[in-house]
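Q: The structure's right below; bear with me while I get my questions together.
Coordinate-derived values only; no laboratory data. The model shown is predicted, which means the values in this text are computed figures rather than measured ones. Glycine also receives a Cβ, built like all others from the backbone with ideal geometry; neighbour counts cover every protein chain displayed.
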Amino acid sequence: QEPQASGLPEYIKIVEVGPRDGLQNEKVIVPTDIKIELINQLSKTGLPAIEVTSFVSSKWVPQMADHKEVMRGIERHPGVQYPVLTPNLQGFHSAIAAGATEVSVFGTASESFSKMNINCSIEESIERFEEVTKSARSMNIPVRGYVSCALGCPYEGNVVPDKVAEVSKRLYSMGCYEISLGDTIGVGTPGSMKKMLEAVMKEIPLSALAVHCHDTYGQALANILTAMQMGVSVVDSSVAGLGGCPYAKGATGNVATEDVIYMLNGLGINTGVNLCAVMEAGNFICTALNKKTNSKVAQASFSTGTI
Amino acid sequence: ASGAYPKRVKVVEVGPRDGLQNEKNLVPTPVKINLINMLSETGLQVIEATSFVSPKWVPQMADHTEVLQGIKKSPGISYPVLTPNLRGFQAAVAAGAKEVSIFGAASELFTQKNINCSIEESLERFEEVMRAAKEASIPVRGYVSCVLGCPYEGKISAAKVAEVSKKMYSMGCYEISLGDTIGVGTPGSMREMLAVVMKEVPVGALAVHCHDTYGQALANILVALQMGVSVVDASVAGLGGCPYAQGASGNVATEDLVYMLNGLGIHTGVDLQKLMDTGTFICNALNRKTNSKVSQASCRL
C-alpha cells in the first residue's frame, strides 16, 4: 500500500486517551491499581502518547480523584509522553508536583458548553489557560490544547467553523504545541469535518492539528479518514472505545484505538503501535470493568480466535 | 486525495433478505411483510425482499412465496429476490418477482463451501438464469462476495474480483454489487480493488456491499464514493450478524449510512426518521438491540 499515492500521511501519531477521557466517562469507579496496570500495559504497545489522568477537583470528577497516585504509580517508558489534564493553575501546580512532564488544557468552541461544563465563558476559560501556559513555558512543559464541540454542541446544535478556528488560534498563540479538535457528541460527518478543517487550517499549521472523533453516530472512522486526506497526522482514540457519551444515554463515545489502527494498518500507514498488544490491554480493562468492548476489531478477533 | 462525491446515491436495502437471513431467530411471515411495507414508506427505491432458495438450506427464507405475494408493492420501488438457480428463478417469477439477484464469489474455496461447486460451475448455473431472465425481460443484479478477503482463503486478488465481475456483467447483470463479506477490508484495499474492477466494469454499474465486522464499513464506503461508486447496499438496524465471527456484526446499518450521506449533502431520497422507526420495529420484533449507532444515539429523545 502506498499512502502517499492516495494523498495520505506516511505516519500517524496516535494519542491514547482511554485512561483519562475513556475512564472519566465510565460509570464504574476504577481502582487505582487497575488504572496503573492499564497504563503500564498501554506503555508496552508502542503508543507514543498516553493521557494518564486529570488534575481536576475530585468533587467534579470522582473517577480522577486518584490523579496523584496514578501519576506517581505508573511506569514511565522512554519515548512515551504521559500528558495530564490541568483545568487551571492550581491543577497545573499539583500535576507538576506529582511528576507530570506534559499537560493539556480543554477549551471549547461553544459558549453554552463552556458555561454548562466549566461555569464560565470561553473568554474567561482562555484567561485561565493563559495562566497555565505562562507557567508551563517558564518550566519548559509542553501544553496540548483541546477544542471541544468542533462539529456540534449538545446545547447549541450547529457550531460555526470560524468559531472553532478562532478558539484554536487563541490556544495555539498562547503556546499550545498541538490543537486537538474534538467532535464531542460525534455528530460530525465527512462533510462537516472538511468544512471545519478548512477554516482551522487557515489559522493553524497542519502539523499542529489533531482530531478527536467520537463514534456516537458511527461516523468516527469516516471522519478520521477525511481529516487524514486533508493532511492531519495526529489522531486521538481510546482503547476498547472506553467512555460513553454523557449527552446520549447508552450511546458510545470515543472511537476505539483498535479500530483506528486496523484501518491505518490496512492503509499502509505507520503508527508504531502493535494492534494485538492494544487488544490485550483492551481485554484487560473490559474484564476489570465487567463490560463488553466497544471495538469491533476486538469483538471480531476474539470471536474468530484470530488474534 | 478526496475527489468530488456523487450528487445522488441509490441505497439498496438488504435487511429483509441478507439481514434476516443472518439472524438466529426465525421471523414470522407477517413481521417480514410489515418490515418490508414500512421500508417501502421511507423513500428507499430498492428493497431486497427474500430469497428463492431451498428452505433446507435457509429456513429463514422458507416463506419466500408468501412474503413476495404478501407485501404491498409500491410503484417506483423495486423488490429484487435472490435466485440461486433456474428453479429458484422460475419459482420467483411465478410468485410475481420483477427483478432477481444472483450470487457469485471471487473465492474458489468460499464457493465450494457455500454452494458446493466451483466458480466456473456457478457461473454456468447463472447463465441459465440469465437466459430465462432475458426472455422474461427481468433485470438481474449480480453479487460478487469476498471481494476484500475470504474467511477460508484469506487474501483475494483484485484481478480475480475483476474477472468474476466482468463475467457476470457480460452475462447481462445490470449492476454488480461488490461484497466485503467478512468486513476485513479497509479504505486501502477497497481503493485498490475498485481501481482494478473499474477497468472491466463501468463505475455506473458498480455497487458496494460493505460489512461492518471490523468497524470499517463507512470509511470503505466513503472511499468507494470518492472513486465514483453511487450505489450502496445496507441493512436497516444493521441486521444480520457475521456467520464467520460469532457475535460480531455484519451488514452496515442503513441509518448510519444515510446519516453520513446526509452530512455530505448527497441526495438519497430516504427519510432517516422513518428508517429509524422501521429499525425500532424490527428490533422489537426480534427482541434485540439495534446495531445502528445513529439509532442508539437518538434513543435518548
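Q: Return the sequence-ordered ³J(HN,Hα) values of segment B:205-213 in whole Hz as given by the Karplus equation 6.51 cos²θ - 1.76 cosθ + 1.60 applied to θ = phi - 60°, using x for Gly and Pro.
A: Running phi through 6.51 cos²θ - 1.76 cosθ + 1.60 with θ = phi - 60° gives 9, 9, 9, 10, 10, 9, 9, 9, 4 Hz.
Q: Using modelled amide H (1.01 Å from N, peptide plane; none on Pro or chain starts), what sits under 5 Å from the amide H of A:SER148, excluding residues fewer than 5 places away?
A: Under 5 Å from the amide H of A:SER148: A:GLY107, A:THR108, A:ALA109, A:GLY182.
Q: By DSSP, what percent of the beta bridges with both residues in segment A:97-187 are antiparallel, rounded to the nearest 5?
A: 10 percent
Q: Under a point-charge model restricted to the Cβ atoms of Lys and Arg (+1) and Asp and Glu (-1), what is the dipole moment magnitude of the protein assembly as shown relative to its Cα centre, in debye to the nearest 20?
A: Magnitude of the dipole: close to 540 debye.
Q: Provide, for q = 0.13, 0.22, 0.24, 0.26 Å⁻¹, the log10 of I(q)/I(0) from a solvent-free Debye sum over equal Cα point scatterers in segment B:255-301.
A: Summing over Cα pairs of segment B:255-301 leads to -0.29, -0.76, -0.87, -0.97.
Q: Name the most mobile residue of A:GLY191, A:GLY244, A:GLY268, meaning the one with the largest mean-square fluctuation, in a Gaussian network model of chain A with Cα contacts below 10 Å.
A: Sorting by GNM fluctuation, first place goes to A:GLY191.
Q: Let me ask you something else. In segment A:154-261, what trypsin sites (Lys or Arg not before Pro) fall in a loop by DSSP, with at most 13 other Cβ atoms inside 10 Å? Mind dumping the intermediate values first?
A: Numbers: sites: A:LYS163, A:LYS169, A:ARG170, A:LYS194, A:LYS195, A:LYS202, A:LYS249; in loops: A:LYS202, A:LYS249.
Answer in residue order: A:LYS202, A:LYS249.
Q: Out of A:VAL234, A:VAL164, A:VAL61, any idea which swings most in a Gaussian network model of chain A, alpha carbons joined below 10 Å?
A: Answer for the Gaussian network model of chain A: A:VAL61.
Q: Taking each residue in B:257-264, count the Cβ atoms of any other chain within 10 Å of its Cβ, then average. What number comes out? Could the numbers behind the result be given before it?
A: Values: counts 1, 0, 5, 8, 3, 2, 12, 7.
Partner-chain Cβ atoms within 10 Å, mean over residues of B:257-264: 5.
Q: With N residues in chain A, what two-decimal value do you get for its Cα radius of gyration over 2.2 N^0.38 Å?
A: Against the compact-globule rule of thumb, the ratio is 0.92.
Q: Could I ask something else about it? So, in Å, what gap is there between the alpha-carbon centers of segment B:178-219 and segment A:187-229?
A: 23 Å
Q: Please work out the Cα center distance from segment A:79-137 to segment B:64-82, rounded to the nearest Å.
A: So the separation of the two Cα centres works out to 59 Å.
Q: Using a/c under 1.5 as the rounded threshold, could you call segment A:1-132 rounded, prolate or oblate? The axes a ≥ b ≥ c are square roots of the C-alpha gyration tensor eigenvalues, and prolate needs a/b larger than b/c, oblate otherwise.
A: It comes out oblate by the Cα gyration axes.
Q: Between segment A:239-301 and segment B:225-301, what is the separation of their alpha carbon centroids in Å?
A: Between the Cα centre of segment A:239-301 and that of segment B:225-301, the gap is 21 Å.
Q: Over segment A:98-180, with a single point scatterer placed on each C-alpha, what log10 of the ratio I(q)/I(0) does the Debye formula yield at q = 0.20, 0.21, 0.22 1/Å?
A: With one equal scatterer per Cα and no solvent, log10 I(q)/I(0) is -0.84, -0.91, -0.97.
Q: Here's a follow-up. What FRET efficiency do you get for B:LYS56 and A:ASP162 if R0 is 56 Å and r is their Cβ-Cβ distance, rounded to the nearest 0.05?
A: 0.35
Q: Using Cα-Cα distances under 8 Å and only pairs 6 or more residues apart, what relative contact order does segment A:16-303 have, in percent?
A: Relative contact order, segment A:16-303: 17 percent.
Q: While we're on this one: Considering the dipole of segment B:8-292 built from charges on the beta carbon (Lys and Arg +1, Asp and Glu -1) around the Cα centre, which of B:PRO139, B:THR29, B:ASN116 is farthest to its positive end?
A: Final value for the positive-end residue is B:THR29.
Q: Restricting things to Cα coordinates, could you compute the convex hull volume per residue of segment B:8-292 in Å³? Display every interim value, and only then the final one.
A: Working: hull volume 31.5 nm³, N = 285.
In segment B:8-292, the Cα convex hull volume per residue is 111 Å³.
Q: How large is the helix-only mean residue ellipticity at 222 nm for the protein assembly as shown, computed as the sum of -39500 (n - 2.57) over DSSP H runs with n ≥ 4, divided by its residue count, in deg cm²/dmol to the nearest 500?
A: Taking each H run of at least 4 residues, the total per residue is -12000 deg cm²/dmol.
Q: Charges only on Cβ, +1 for Lys and Arg, -1 for Asp and Glu: so what's the dipole of segment B:8-292 about the Cα centre, in debye to the nearest 20?
A: Dipole about the Cα centre, nearest 20: 160 debye.
Q: Additional query: Just want the answer: with Cβ charges of +1 for Lys and Arg and -1 for Asp and Glu, which residue in A:ALA300, A:ILE34, A:SER104 is farthest toward the dipole's positive end in chain A?
A: Of the listed residues, the answer is A:ILE34.
Q: From the backbone phi of segment A:230-239, what are the Karplus-calculated ³J(HN,Hα) couplings (6.51 cos²θ - 1.76 cosθ + 1.60, θ = phi - 60°) in whole Hz, Gly and Pro given as x?
A: The phi angles translate into 8, x, 5, 10, 10, 10, 8, 7, 10, 3 Hz.
Q: Determine, for each peptide in A:218-229, B:246-257, B:269-280, B:169-180, the mean count of other beta carbons within 10 angstrom over its residues, then list the peptides with the highest first.
A: Values: A:218-229: 27.6, B:246-257: 26.0, B:269-280: 19.6, B:169-180: 21.7.
Ranking, from highest mean packing down: A:218-229, B:246-257, B:169-180, B:269-280.
Q: Turning to a different aspect of this structure: Could you tell me which of rounded, prolate or oblate describes segment B:155-269, using a ≥ b ≥ c as the square roots of the eigenvalues of the alpha-carbon gyration tensor, with rounded for a/c under 1.5 and, failing that, prolate when a/b is larger than b/c and oblate otherwise?
A: Working: a/c = 1.72, a/b = 1.24, b/c = 1.38.
Taking the square roots of the gyration eigenvalues as a ≥ b ≥ c, segment B:155-269 is oblate.
Q: Here is a further query. If you keep only loop residues by DSSP, which chymotrypsin sites (Phe, Trp or Tyr not before Pro) in segment B:189-260 have at most 12 other Cβ atoms within 10 Å of their Cβ? Could the numbers behind the result be given before it?
A: Working: sites: B:TYR214, B:TYR244, B:TYR259; in loops: B:TYR214, B:TYR244.
Listed in order of number, the matching sites amount to none.
Q: A further question follows. Please list 3J(HN,Hα) in residue order for segment B:288-296, calculated via the Karplus relation 6.51 cos²θ - 1.76 cosθ + 1.60 where θ = phi - 60°; whole Hz, with x for glycine and proline.
A: 9, 7, 5, 9, 8, 6, 4, 4, 4
Q: Give me A:VAL211, A:VAL278, A:VAL273, A:VAL28 ranked fewest to most by other Cβ atoms within 10 Å of their Cβ, as a rough exposure proxy. Walk me through the intermediate numbers first.
A: Values: A:VAL211 28, A:VAL278 31, A:VAL273 22, A:VAL28 11.
With the sparsest Cβ surroundings first, the list reads A:VAL28, A:VAL273, A:VAL211, A:VAL278.
Q: Rounded, prolate or oblate, given the Cα gyration tensor of segment B:1-158, with a/c below 1.5 counting as rounded?
A: Because its axes are fairly even, with a/c under 1.5, segment B:1-158 counts as rounded.
Q: Can I ask one more? Among B:THR268, B:VAL252, B:THR42, which residue has its Cα positioned farthest towards the positive end of the charge dipole of segment B:8-292, with +1 placed on the Cβ of Lys and Arg, -1 on the Cβ of Asp and Glu, and the dipole taken about the Cα centre?
A: It is B:THR42.
Q: A further question on this structure: Report for segment B:143-301 the percent antiparallel among DSSP-assigned beta bridges with both residues inside it, nearest 5.
A: 25 percent
Q: In addition: Which one of B:ALA285, B:ALA94, B:ALA162 has the biggest mean-square fluctuation once chain B is modelled by GNM with Cα springs under 10 Å?
A: Result: B:ALA94 has the largest fluctuation of those listed.
Q: Taking the DSSP beta bridges in the protein assembly as shown as the whole, what percent of them are antiparallel, to the nearest 5?
A: So the antiparallel bridges in the protein assembly as shown amount to around 10 percent.
Q: Modelled label-to-label distance, A:GLU124 and A:HIS77, 7 Å Cα→beta-carbon offset: nm?
A: About 4.1 nm separates the two model spin labels.
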